Each structure stands twice: as C-alpha cells, then as structure tokens.
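These notes are about the structure you will find just below.
The values are calculated or read from the model by the stated rules, or taken from the named source; none is laboratory data. Note that the coordinates shown come from a computational prediction; the quantities given were computed from them, not determined experimentally. Here Cβ is always computed from backbone atoms with ideal geometry, including for glycine, and neighbour counts include all displayed protein chains.
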C-alpha cells in the first residue's frame with residue numbers, strides 16, 4: 001500500500017467512527033480524494049474567493065481570519081489534525097468566502113473537490129448525514145469554548161485555551177492566539193510572563 005493510500009485511510013478511519021461505510025464506499029472515497037501539502041503561510045482559500053474544496057487535516061494547523069471595520073486582522077478559528085478545513089458557508093452556498101484560511105505551519109491535507117463531494121453525495125447514502133454530524137460537533141465545541149470566555153478575565157481565557165487546544169498553542173503565532181482570545185499581544189505576553197514566574 002502506498003504512503004498516499006495510508007494517508008487517505010486516516011480520513012476514512014475518522015469517518016467510520018461515525019458510520020460503518022462499506023468497502024465500496026471506502027474505495028470510492030480513496031479514488032476521488034487527493035493528498036496535498038501546504039507550506040507555512042500558504043493559503044487554502046483567500047477572502048473573496050469561492051471555496052471550491054474542503055480538506056481533512058492530517059498534520060498541521062490552519063487559521064481562519066478576517067478583517068474588521070478598522071482593518072485589523074481577527075482570528076476566528078483554528079483547524080488542526082482530524083478536523084475539516086474550509087469555509088463551509090462558501091462551499092455549500094457557492095458564495096465568496098468572508099475570510100481567509102492560511103496554514104500556520106507546514107500542513108498535510110486530504111482534499112475533497114466540489115466534484116468529488118457531489119459524487120459522494122450521490123453514490124454514498126450516509127455521506128451527507130455523517131459529515132453533518134462532524135460539522136455539528138465542531139460547531140458545538142467552538143460555541144462551548146466561546147461561551148466559556150464570557151465574563152472571565154484574560155488570564156483565565158488563555159488558560160482555558162491551553163487546556164482545550166494544548167497542541168495548537170505550541171505551534172501558532174502568539175499574536176494570532178491573542179486575536180482569537182480578543183486581547184492584545186502585549187496583554188498575552190504579560191500573562192505568559194506572570195504564569196512563567198508562578
């Protein structure tokens with residue numbers, strides 16, 4: 001078995017935890033997906049472009065960000081191993097992406113094109129419902145994390161981030177973490193120094 005086929009099995013292994021796909025389904029998925037690498041700072045999709053594919057992250061971290069009314073870069077979400085990467089709204093509604101998705105570090109991704117997605121929807125009975133479960137899980141985790149940030153101080157927010165996303169915290173730029181948590185890089189640096197002395 002080739003390295004690429006072994007990599008593709010990481011996607012189907014992940015999906016099989018949610019539904020028992022048939023060998024034929026697995027074979028079809030392997031036939032139409034593509035293994036791709038993104039270098040650090042390379043874009044998966046740019047703001048204003050239509051997202052025509054989605055990916056499943058094998059290794060690395062991606063960041064979804066946009067610009068606010070003042071032109072400040074705002075990090076809205078991180079996507080790491082065993083998570084799908086892409087702008088769901090843009091992909092499903094054929095609309096321009098409101099933000100950009102950029103690799104924070106070197107990444108390896110299994111890419112599903114729009115054409116492949118349509119084939120899976122037509123040929124694999126449980127494809128859409130299984131993916132919907134995955135999307136719902138991600139949204140629930142994101143919403144829960146953001147709800148836990150309400151009415152907590154900056155240090156507690158950072159400690160919560162370290163607890164929920166320990167591997168991401170080690171690999172992304174501090175200013176991006178600060179943006180995600182709604183604080184300045186200076187505030188985050190001060191918090192990290194205070195924690196280091198405890």
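Considering 26, 58, the condition of being touching a residue at least 12 places away in the same chain (Cβ under 8 Å), assigned to a strand (DSSP E or B), touching a helix residue (DSSP H, G or I) at 6+ places or on another chain (Cβ under 8 Å) and buried (at least 18 other Cβ atoms within 10 Å of the Cβ) is satisfied by 58 alone. Return only the number of the condition from (1) touching a helix residue (DSSP H, G or I) at 6+ places or on another chain (Cβ under 7 Å); (2) buried (at least 18 other Cβ atoms within 10 Å of the Cβ); (3) modelled with pLDDT of 95 or more that residue 83 does not satisfy. Of everything listed in (1) touching a helix residue (DSSP H, G or I) at 6+ places or on another chain (Cβ under 7 Å); (2) buried (at least 18 other Cβ atoms within 10 Å of the Cβ); (3) modelled with pLDDT of 95 or more, residue 83 misses just condition (3). When the test is whether a residue is free of Cβ contacts under 8 Å to residues at least 12 places away in the same chain and either within 14 Å of the chain's Cα centre (by Cα) or closer than 24 Å to residue 174 by Cβ (or both), residue 102 does not pass it.
In the stretch 30-55, how many are loosely packed, with under 14 Cβ neighbours inside 10 Å and assigned to a strand (DSSP E or B)? Here the count works out to 2. Being in a loop (DSSP other than H, G, I, E, B) and touching a helix residue (DSSP H, G or I) at 6+ places or on another chain (Cβ under 9 Å): is that true of residue 18 here? So residue 18 fits the description; yes. Among the residues of the stretch 76-99, those identified as assigned to a helix (DSSP H, G or I) and either free of Cβ contacts under 8 Å to residues at least 40 places away in the same chain or under 15 Å from residue 11 (Cβ atoms) (or both) are 89, 92, 93. For the stretch 127-158, the set of residues classified as in a helix (DSSP H, G or I), in contact (Cβ under 8 Å) with a residue 12 or more places away in the chain and over 24 Å from residue 59 (Cα atoms) consists of 129, 148, 154, 155, 157, listed by residue number. Scanning the stretch 163-189 for residues that are surrounded by 15 or more Cβ atoms within 10 Å (Cβ to Cβ) and free of Cβ contacts under 8 Å to residues at least 60 places away in the same chain yields 169, 175, 178, 181, 183, 187, 188.
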